[in-house]
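The values are calculated or read from the model by the stated rules, or taken from the named source; none is laboratory data. The model shown is predicted, which means the values in this text are computed figures rather than measured ones. FYI the Cβ positions are ideal-geometry reconstructions off the backbone, even for glycines, and counts take in every protein chain you see.
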Amino acid sequence: MGGDLAPKPEVEGAIKAASSLDVKIVLVGKEDVLRRELALHPNAHGLPIKIHHASEVVTMEDSAAKSFRGKKDSSIRVACRMQRDGEVHGVVSAGNTGACMATAKMVQGMIRGVDRPALASALPTAKRKPVVLVDVGANVDSSAEMLAQFAVMGEIYSRIIFRNSSPRVGILSIGEEEHKGNELTRAATPLLKAMPINFIGNVEGRDIYTGEVDVVVCDGFIGNVALKVSEGLVDMIKNMLQESLAETVTRKIGYVLSRAAYRDFRKRVDYSEYGGAPLLGVKGVNIICHGRSNANAIKNAIRVAAEFAGSKVTEKIAAELDGVASSKVAGK
């Protein structure tokens, strides 16, 4: 209920998902509002979509603490509670990111061995296989130990969801040499080397899109800046290409071919094709979407949630982190 245009794209996305994916949907929010929105879609009749009433809404202006303490019947809290109690297998939200993270952490709890949850975003690369950037905004300040945890979680995400047998993991820095970077990246490097992952060392911002690295680890402040700069750049390039096509293409066949190439490009870089960002480290499946997500983004976020639940990503993260902890104990 908390997205910029809620609940229109959420309902439309749920209908698309229920129509094309093997999933059952529970819309959580104000029942009368959701029923009115569903009634606008005759094709929703007969689909596996239910409504679960929640009387309160967390707005984008609400602080995470205020929303958790003061709105105990908010749609995000009710949804997280349903997941904790086994009534649903995953939660998708385009609402207040801070509130979503705080609520998931407090209601569902954290995986043992994870200090804080991290947001992982899939970005397109030149080799057509997504790179996982983690963290993209859950933690403004991170410790070296947290970066090591992010690396393990991101590696598992890449391995299971994108089927990379041995994902290459790098830490985002200002140079490839190990001595370059800030105090955090230098402190995290030996920890990452000790992890049971294919750690390739420092990577630079430009390396994110080459396809030569599968998982890029950073603190949430840097990751969010990198993500937002990338989104702004993609929007600018799309607009420039569209303008150039309209201004320079005169022959009909050339226009048709150029438009086809442009549509392919737009699909490759469209954030809505990747759905949302999984919140790694909590006990459950939580996918957090842009506040401005359209129906296609919601549908794909539901697809990602179903893949996470079906592949038991959360359970595998817990098991591998337990293995890392046991190895450290044995080493001592």
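Here are some notes:
- Filtering the range 75-84 for residues that are among the small types (G, A, S) and part of a helix (DSSP H, G or I) leaves a non-empty set.
- Residue that is modelled with the highest pLDDT, among those in the range 130-187 that are surrounded by fewer than 16 Cβ atoms within 10 Å (Cβ to Cβ) and closer than 22 Å to M101 by Cα: E145
- Test for V88: is it closer than 21 Å to T314 by Cβ, β-branched (V, I, T) and part of a helix (DSSP H, G or I): no
- Check on V107, assigned by TED's automatic domain parsing to the domain that holds G291 and β-branched (V, I, T): yes
- Filter result for V269 (β-branched (V, I, T), surrounded by 16 or more Cβ atoms within 10 Å (Cβ to Cβ) and at pLDDT below 75): yes
- Test result for R36, closer than 21 Å to N294 by Cβ, free of Cβ contacts under 8 Å to residues at least 12 places away in the same chain, among the charged types (D, E, K, R) and part of a helix (DSSP H, G or I): yes
- Single residue of the range 283-312 satisfying the filter (in contact with a strand residue (DSSP E or B) (Cβ under 6 Å, 6 or more places away or on another chain) and not in a helix (DSSP H, G or I)) that is surrounded by the fewest Cβ atoms within 10 Å (Cβ to Cβ): I287
- Subset tally (residues that are over 20 Å from G13 (Cα atoms) and touching a Cys at 6+ places or on another chain (Cβ under 9 Å)) for the range 59-90: 1
- Candidates are the residues of the range 27-58 that are of a type outside the set (D, E, K, R) and in contact with a Ser or Thr (Cβ under 8 Å, 6 or more places away or on another chain); the one that is nearest to K105 (Cα to Cα) is V58.
- Selection from the range 62-81 of residues that are of a type in the set (D, E, K, R) and either over 11 Å from N96 (Cβ atoms) or at pLDDT below 90 (or both): D62, K66, R69, K72, D73, R77, R81
- Look at (1) out of contact with any helix residue (DSSP H, G or I) (no Cβ under 8 Å at 6 or more places or on another chain); (2) at negative phi and you find that S67 fails only one, number (1).
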